[in-house]
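This report concerns only the one structure given below.
The values are calculated or read from the model by the stated rules, or taken from the named source; none is laboratory data. Not measured: the values here are computed from a predicted model. For neighbour counting, all protein chains shown are included, and Cβ atoms are generated from backbone atoms with ideal geometry for every residue, glycine included.
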Amino acid sequence: MTTHSHHAHTEERPHRHHYDAEMLSVEDARDRILSYFEPLGSVDVPLLDSLGLTLDEDLVADFDIPPLANSAMDGYAVRSEDVAPASRYNPVLLPVNGHIAAGEVPAEPVSQGTAARIMTGAPVPEGADAVVPFEDTDEESRRLNGNAISEIGIKLSAEPGENIRPAGEDIRAGETVVTKGTELTPGVIGVAASLGKSSVNAIRRPIIAIVSTGDELVDPGDERTPGKIYNSNAFSIAAMAEKYGAIANIIGIARDTIESLEAMLEEAVNYDMVVTSAGVSKGDYDVVKDVLAKKGEIALWSVRMRPAKPLAFGALNAPDGRKVPHLGLPGNPVSAMVAFEQFGRPAIGIMLGKKPLPKPSITAILDDPVHNHDGRRVYARVDVYRDNDGNYRARSTGNQSSGALHSMAYASGLAICPDDVDAVPAGSEIKVEMLDWPDDDLLGDPHSE
Ligand code: AMP
Ligand code: MG
């Protein structure tokens, strides 16, 4: 990547290699990180709490669904041979020998030359092999005449089986309905409920410790004295972790001292994963490295991406012998979020038993150019909308500095300029990784209002 020119408007001085480590591609960094993760164990989870988790058992039916043959219509259960000659002008008259509501069991069979009134979902009585819906009988005119319905005129013939849902039509007893490893979507949760399960065996949610580092930080809600800034990273990262299915625990702020960071990590090491922010840029890194090297392994990487070039990754030794993966995010608020998207999200996915699939992405037309100053892959904050012709378009959400968190608040996607491309000009197509995917009809043109 030595052929890139440095544009006059670069935010940073011309790029130099600050670290011994060679720059890693995003994919290489991700592969190295993900090799430290595996699916967590499974637990019994109440059905409604299982949404989005991975099923860790096969769901097998103990019984047929539906359990009994039942009516697909409100109407009359008949024997098809009895109504074979029926027509509008020559209805077949049958005595009505029973009423079956949903949830009831038919009291008696339908014998030859009789009918039973039946509601949708009610079990079809023995003897009957078809249901004739109300509208193909003379029930309504009998009602209008004020007659009790002791007999019914059937105005249409029926095939055997007509309007009857056979037992086991949906699911057969003994059948494996949903296999281990499937994501618990609303549909799967519905199936589990229909099998009578109030809980399922599912891979548990990872619990993630979130530690901020920096002498300048105060927590939201506390008084901010001169020189201090609020700790936003802990909250944006915790929110992302929870969005992707983890349970986030904000442990606190470690000061830029060895003792303070050690104390925080002592607590953090009890979790499934530790995420720290800041302290990975050149001036700070030595403190982090010294502490972590004592407690496990740590490496600082330069990743060929903008924002979020510096990244630390390692594993901490827990007292119980586990190796707890540690993701050390950069401190700049946008860098921390973009790095967590690329590396934290798939790590959570693996712990949840999912395949580490890439973010959903679309191709959009750029409204504002994206520049690449130094051969890193650029993730530009954009708002995706649809123009009046129905095309997806992406416009910059503002200041693209790695500290300008404001432009993250309105970004629905990250537009990607490849590392070997100098610039993607306005008007050309670009790939956008969607952060949030609003319902499509909400993606209206903001300029047309
Ligand atoms: P550092 O990696 O410590 O050099 O931090 C880089 C930048 O990110 C500095 O401007 C920090 O003040 C800022 N920063 C670090 N941690 C946080 C945090 N938790 N919340 C908001 N900004 C932060
Ligand atoms: Mg710092």
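So, ARG142, is that one part of a helix (DSSP H, G or I), basic (Lys, Arg) and surrounded by fewer than 20 Cβ atoms within 10 Å (Cβ to Cβ) or not?
On the way: part of a helix (DSSP H, G or I): yes; basic (Lys, Arg): yes; surrounded by fewer than 20 Cβ atoms within 10 Å (Cβ to Cβ): yes.
Yes.
Applying the condition of being away from ligand 1 (no atom under 16 Å from the Cβ) and of a type in the set (A, V, I, L, M, F, W, C) to region 266-305 and asking which residue is surrounded by the most Cβ atoms within 10 Å (Cβ to Cβ) yields MET273. Being within 16 Å of ligand 2 (Cβ to nearest atom) and either in contact with a helix residue (DSSP H, G or I) (Cβ under 8 Å, 6 or more places away or on another chain) or of a type in the set (A, V, I, L, M, F, W, C) (or both) is the requirement here; does MET273 meet it? When the stated conditions are applied, MET273 does not pass them.
Within region 49-82, the residues that satisfy the criterion of being more than 17 Å from SER150 (Cα to Cα) and among the β-branched types (Val, Ile, Thr) are THR54, VAL60, ILE65. Is it true that ALA116 is crowded, with 18+ Cβ neighbours inside 10 Å and in contact with a Gly (Cβ under 9 Å, 6 or more places away or on another chain)? So ALA116 fits the description; yes. Tell me which residues, restricted to region 212-243, are β-branched (Val, Ile, Thr) and either near ligand 1 (Cβ under 8 Å from one of its atoms) or part of a loop (DSSP other than H, G, I, E, B) (or both). Listed by number, the residues that qualify are THR213, THR225, ILE229.
Of the set (1) within 16 Å of ligand 2 (Cβ to nearest atom); (2) part of a strand (DSSP E or B), all apply to LEU316 but (1). Restricted to region 246-262, and to residues there that are away from ligand 2 (no atom under 15 Å from the Cβ) and at pLDDT below 95, the residue that is farthest from GLY349 (Cα to Cα) is GLU259.
When residues in region 310-350 are screened for being closer than 16 Å to ALA238 by Cα, more than 16 Å from ligand 1 (Cβ to nearest atom) and of a type in the set (Gly, Ala, Ser), 2 of them pass. Quick check on region 194-202. Is at least one of its residues at negative phi and in a helix (DSSP H, G or I)? Within region 194-202, one or more residues are at negative phi and in a helix (DSSP H, G or I). In the list GLU135, GLU175, GLU159, GLU151, which residue meets the criterion of being at negative phi, at pLDDT 95 or above, under 37 Å from the mean Cα position of the chain (by Cα) and surrounded by fewer than 21 Cβ atoms within 10 Å (Cβ to Cβ)? Every option except GLU175 fails the conditions.
Okay, residues lined up against (1) within 27 Å of the chain's Cα centre (by Cα); (2) in a loop (DSSP other than H, G, I, E, B):
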{"position": "LYS282", "(1), (2)": "no, yes"}
{"position": "LEU292", "(1), (2)": "no, no"}
{"position": "GLU297", "(1), (2)": "no, no"}
{"position": "SER302", "(1), (2)": "no, no"}
{"position": "LEU311", "(1), (2)": "yes, no"}
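In region 244-265, which residues are polar (S, T, N, Q) and either away from ligand 1 (no atom under 16 Å from the Cβ) or exposed (fewer than 15 other Cβ atoms within 10 Å of the Cβ) (or both)? Of everything in region 244-265, just one residue is polar (S, T, N, Q) and either away from ligand 1 (no atom under 16 Å from the Cβ) or exposed (fewer than 15 other Cβ atoms within 10 Å of the Cβ) (or both), namely THR257.
The numbered conditions (1) under 45 Å from the mean Cα position of the chain (by Cα); (2) surrounded by 14 or more Cβ atoms within 10 Å (Cβ to Cβ) are all true for VAL105 except (2). Which residues, counting only those in region 187-231, are closer than 22 Å to THR276 by Cα, surrounded by fewer than 18 Cβ atoms within 10 Å (Cβ to Cβ) and in contact (Cβ under 8 Å) with a residue 12 or more places away in the chain? Answer for region 187-231, where residues must be closer than 22 Å to THR276 by Cα, surrounded by fewer than 18 Cβ atoms within 10 Å (Cβ to Cβ) and in contact (Cβ under 8 Å) with a residue 12 or more places away in the chain: ILE207, ASP215, GLU216, VAL218, ASP219, PRO220, LYS228, ILE229, TYR230.
Only one of the listed residues (LEU414, LEU352, LEU329, LEU311) is surrounded by fewer than 23 Cβ atoms within 10 Å (Cβ to Cβ) and either in contact with a Ser or Thr (Cβ under 8 Å, 6 or more places away or on another chain) or of a type in the set (A, V, I, L, M) (or both). That residue is LEU352.
Taking region 288-307 as the search range and keeping residues that are without any contact (Cβ under 8 Å) to a residue 40 or more places away in the chain and among the aliphatic types (A, V, I, L, M), which one is nearest to ASP256 (Cα to Cα)? Top of the filtered list is VAL291. Residues in region 30-76 that are surrounded by fewer than 15 Cβ atoms within 10 Å (Cβ to Cβ) and of a type in the set (Asp, Glu): ASP31, GLU38, ASP44, ASP49, ASP58, ASP62.
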